[in-house]
Amino acid sequence: MTSESDNRRAIDSVLEKLDTYGLGRRQFVKLLAGSTAALASAGALTAVGRRDAARGGAVAYTDGQIALLNWSSTGDYQVQWGNAFQEAAAQLGYKSVVLDGKSDAAVQSNQFNQLLTQKTTAIFVGLNDPGSLPTLAHDANDRGVLFQAAWNSPAWYTPWHSDRYGDKYNSFLMPDEYLSVSKAVDVLAKQINEEGTVVRVGGYYPSIDGLEVQRRLAVHDTLKKYPKITFAGELHAKYDADLSQRAAASLLARYPDTVGIVAVNDDAATGVVAGIEAAGKVPGKDVFVVGANGSTAGIDRIVQGTQLVTTGNVPAYPSFVTLAQFHDRLNGWKPEAAERFYGWHAEIITAENVGAFKARYVDGPIGESFDVRLLSRTEHPTDFDLQFDGYPVEDLETIWPGVPKPEGFEYPESYLNARRNGDFDRIRALYKDHYRTPVLGPSPYKKV
């Protein structure tokens, strides 16, 4: 039986090996709290600390399951994300599993540790606690499990920082949040004739991940261009529709002359629209709503006229990209250093172009939104098609604008080398050349 002192020594030995970015014993233990199943199945601490032959470069199980650790299974975005992951995996012949993180960091940590004790080939994760990403990246490398992450990351932590532990952390995915939300707010400003009161319903704040930081600053900075628009205030509702409804109701009670509400995403916009209606106002007439992500509910509201605009980065896309990259890794391809942080430019969706977006991404089967084989660099080495306006993220200041670097922060050498060698410019040109199917055009699924 393991004693408390044995567990303390095990935790300390793990933390000594991790680039924790502020993750101490107390937070580490908290993340593992309640992980009885993982501890019983193989011992989470043993799994975390163990190195095996896979550290030499091979993937531990090339025929194992490919898993998605989802934030939760309740939001519209998360449902689309998970369904697309399973569809793309099936098209490539892989067994997949999607786990519900229940918006709880400890639950996700337990799930991750259990996956490491099973026959798992690769893990894709959208984290409830961005601060755990360095630990998960280390442990995936330790067990020879391919790893990919999207949206949430601790400030100034990148895939290049994981290289000291191995090459299994493939890439991090995030679209152009700051730019796209700025464009959506411009649409709102023009709709209200560049005057009036605007408020915001946000996600998590204060937050150490880039998502909320970028979307929040995009609103603040963009509205500064319009001197007759008053930004009255914001409340944060954890991306939750019910909490967002309450937040919108509270803001409308406090600022009854509000003519625009910017929601952090389309799930939050669902609650915002309900809050507007509960206040006796008409969304799309008395108060205009801005969303993000291009989720099904948001697109339907744009058609109905109750939501003004959303950022169409397409929830299915990161799942298709990730499955293609996992497939390519298993077939001998590795991303260059300049390809490890992948972004794509969202389409701004309004009543003018919502029809084309809805036809492809809402009305059509989600498995046919994109062609996963055409995304693959090994299936189509010379004619691969990104199917979105993708770009390599080079300027990290745009990911964490205004967020100070952690004490002792150093840019990873592989990132610096890629900049010195001009690799980012070369990859930018490559991606531009391989954006061949327009986002608002028909899907290329099975057409090549």
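The values are calculated or read from the model by the stated rules, or taken from the named source; none is laboratory data. Everything numeric in this text was worked out from a predicted model, so none of it was measured. Positions of Cβ are generated from backbone atoms using ideal geometry, with glycine treated the same way; all protein chains shown enter the neighbour counts. For accessibility, only protein heavy atoms count, side chains too; no ligands or nucleic acids. Shrake-Rupley method; radii C 1.70, N 1.55, O 1.52, S 1.80 Å.
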- Task: Exactly one condition in (1) out of contact with any Ser or Thr (no Cβ under 9 Å at 6 or more places or on another chain); (2) at pLDDT 95 or above is not met by Tyr205; state its number.
- Result: (2)
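Give segment 423-448 a look and list any residue that's assigned to a loop (DSSP other than H, G, I, E, B) and among the hydrophobic types (A, V, I, L, M, F, W, C), or say none.
Taking segment 423-448 as the starting set, the residues that turn out to be assigned to a loop (DSSP other than H, G, I, E, B) are 434-448.
If the condition is that a residue be assigned to a loop (DSSP other than H, G, I, E, B) and among the hydrophobic types (A, V, I, L, M, F, W, C), then Val439, Leu440, Val448 are the ones that fit.
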- Query: Does Leu416 qualify as being closer than 25 Å to Val314 by Cα, without any contact (Cβ under 8 Å) to a residue 40 or more places away in the chain, in a helix (DSSP H, G or I) and aliphatic (A, V, I, L, M)?
  - Reply: no
- Message: Given the condition modelled with pLDDT under 95 and among the charged types (D, E, K, R), answer yes or no: does some residue in segment 139-162 qualify?
- Response: no
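Mind checking whether some residue in segment 430-439 is open to solvent by 80 Å² or more (accessible area, probe 1.4 Å) and under 30 Å from Ile302 (Cβ atoms)? Step through it out loud before you land on a result.
We begin by selecting, within segment 430-439, every residue open to solvent by 80 Å² or more (accessible area, probe 1.4 Å); these are 432-433, 436.
Right, trim to under 30 Å from Ile302 (Cβ atoms) and you get 432, 436.
Checking segment 430-439: at least one residue is open to solvent by 80 Å² or more (accessible area, probe 1.4 Å) and under 30 Å from Ile302 (Cβ atoms).
Restricting the search to segment 391-410, which residues are assigned to a loop (DSSP other than H, G, I, E, B) and under 25 Å from Ala218 (Cβ atoms)?
If we filter segment 391-410 for residues that are assigned to a loop (DSSP other than H, G, I, E, B), which is where we start, we get 393-395, 399-410.
Those that are assigned to a loop (DSSP other than H, G, I, E, B) and under 25 Å from Ala218 (Cβ atoms): Val393, Glu394, Asp395, Ile399, Trp400, Pro401, Gly402, Val403, Pro404, Lys405, Pro406, Phe409.
Among the candidates Val289, Val259, Val264, Val273, which residue alone is touching a helix residue (DSSP H, G or I) at 6+ places or on another chain (Cβ under 6 Å), farther than 30 Å from Leu133 by Cα and at pLDDT 95 or above?
Details: Val259 fails: touching a helix residue (DSSP H, G or I) at 6+ places or on another chain (Cβ under 6 Å); Val264 fails: farther than 30 Å from Leu133 by Cα; Val273 fails: touching a helix residue (DSSP H, G or I) at 6+ places or on another chain (Cβ under 6 Å).
Answer to the check: Val289.
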- Task: Specify the residue that is least open to solvent (accessible area, probe 1.4 Å); the eligible residues are those in segment 96-111 that are farther than 30 Å from Glu379 by Cα and outside any helix (DSSP H, G or I).
- Result: Gly101
- Name the single residue, out of those in segment 69-95 being among the small types (Gly, Ala, Ser) and within 29 Å of Ala269 (Cβ to Cβ), that is most open to solvent (accessible area, probe 1.4 Å). Ser73
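Residue check: is Gly203 open to solvent by less than 10 Å² (accessible area, probe 1.4 Å), assigned by the TED database to the domain that holds Lys224 and in contact with an Asp or Glu (Cβ under 7 Å, 6 or more places away or on another chain)?
On the way: open to solvent by less than 10 Å² (accessible area, probe 1.4 Å): yes; assigned by the TED database to the domain that holds Lys224: yes; in contact with an Asp or Glu (Cβ under 7 Å, 6 or more places away or on another chain): yes.
So Gly203 passes the test.
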- Message: If I filter segment 404-418 for residues that are over 30 Å from Ala90 (Cβ atoms), modelled with pLDDT under 95 and open to solvent by less than 20 Å² (accessible area, probe 1.4 Å), do I get at least one hit?
- Response: no
- Message: Condition first: open to solvent by 10 Å² or more (accessible area, probe 1.4 Å) and touching a residue at least 60 places away in the same chain (Cβ under 8 Å). Now tell me which residues in segment 347-364 satisfy that.
- Response: Glu347, Ile348, Thr350, Asn353, Ala356, Arg360, Tyr361, Val362, Gly364
- Message: What pairs come out if I take residues in segment 92-114 that are farther than 28 Å from Ala324 by Cβ and pair them with residues that are open to solvent by 60 Å² or more (accessible area, probe 1.4 Å) whose C-beta lies under 6 Å away, six or more apart or interchain?
- Response: Ala106/Gly34
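Within segment 148-169, can you find the residues that are within 19 Å of Gly210 (Cα to Cα) and not in a loop (DSSP other than H, G, I, E, B)?
Pass one, segment 148-169, residues within 19 Å of Gly210 (Cα to Cα): 148-162, 169.
The answer is Gln148, Ala149, Ala150, Pro159, Trp160, His161, Ser162, Tyr169.
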- Message: Against the conditions (1) touching a Lys or Arg at 6+ places or on another chain (Cβ under 9 Å); (2) open to solvent by 10 Å² or more (accessible area, probe 1.4 Å); (3) in a helix (DSSP H, G or I); (4) not aliphatic (A, V, I, L, M), where does Arg301 fall short? Just the number, please.
- Response: (1)
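Given the condition assigned to a helix (DSSP H, G or I), within 18 Å of the chain's Cα centre (by Cα), more than 30 Å from Pro412 (Cβ to Cβ) and of a type in the set (S, T, N, Q), answer yes or no: does some residue in segment 318-328 qualify?
Step one: list which residues in segment 318-328 are assigned to a helix (DSSP H, G or I), which gives 318-328.
Subset that is within 18 Å of the chain's Cα centre (by Cα): 318-326.
Going one step further and asking which of them are more than 30 Å from Pro412 (Cβ to Cβ), we end up with none.
No, because not a single residue in segment 318-328 is assigned to a helix (DSSP H, G or I), within 18 Å of the chain's Cα centre (by Cα), more than 30 Å from Pro412 (Cβ to Cβ) and of a type in the set (S, T, N, Q).
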- Message: If I filter segment 261-277 for residues that are within 22 Å of Gly126 (Cβ to Cβ), assigned to a loop (DSSP other than H, G, I, E, B) and either open to solvent by 10 Å² or more (accessible area, probe 1.4 Å) or in the same structural domain as Lys190 (by the TED database) (or both), do I get at least one hit?
- Response: yes
- The listed residue being free of Cβ contacts under 8 Å to residues at least 12 places away in the same chain, in the same structural domain as Gln245 (by the TED database), open to solvent by 10 Å² or more (accessible area, probe 1.4 Å) and part of a helix (DSSP H, G or I), out of Lys183, Lys190: Lys190
- Residues located in segment 112-132, provided they are in a helix (DSSP H, G or I) and at pLDDT below 95: Pro130, Gly131, Ser132
